[in-house]
Amino acid sequence: MRRKDREVTDAAKIREIILSCDRCRLGFNDDGEVYIVPLNFGYAEEDGTRFFYFHGAREGRKIDLIRKTGKAGFELDTHHEIVPGETACDHTALYQSVIGHGSICLLETIEDKKKAMQSIMLHNTGKDQWEIPDKALMAMSLIRLTVQELSCKEHL
């Protein structure tokens, strides 16, 4: 990271920033073309490993790329604010952001899908322990990204 003065390394602070975001953008390499998609997400940590969960249709470009590559980049950002200056070059932007990459896969078992959907619902509603019918889970794709590398930055 070029701006070490803006780097965030504290795990609790990184978690706080991730949880304050409302979208995660996934990026894929599609035979040399970049494909980026913004998604609702859930977040979890287990034994020092970070996971993002997503849901969506059972087919489409995103699903094809997950199956094809098994890898994705991600980006989240929040707390945006422009701070005006006297000149154009004196303006600055305040923000918090997280970027990284990891392995990504489609979840197959009902147990894994329930866990993913509970995580997504908790993040988006603040409530857990949802009743989610198996039939509904089977009608959608649930996706897990296992973080392999992550960096976090803030300018507040």
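The values are calculated or read from the model by the stated rules, or taken from the named source; none is laboratory data. The shown structure was predicted, so the numbers you read here are calculated from the model rather than taken from an experiment. A quick note on method: Cβ atoms are made from the backbone with ideal geometry, for glycine too, and the neighbour counts reach across all protein chains shown. Just so you know, the surface numbers come from the protein's heavy atoms only, side chains and all, with ligands and any DNA or RNA stripped out. Shrake-Rupley method; radii C 1.70, N 1.55, O 1.52, S 1.80 Å.
Total residues in region 1-12 satisfying the condition of being outside any loop (DSSP other than H, G, I, E, B), farther than 14 Å from L76 by Cβ and not small (G, A, S): the figure is 4.
Annotation: of all residues in region 115-156 being touching a strand residue (DSSP E or B) at 6+ places or on another chain (Cβ under 9 Å) and basic (K, R), the one that is modelled with the highest pLDDT is R144.
Every listed requirement among (1) open to solvent by 20 Å² or more (accessible area, probe 1.4 Å); (2) touching a residue at least 40 places away in the same chain (Cβ under 8 Å); (3) farther than 18 Å from H101 by Cβ is met by R15 save one, (2).
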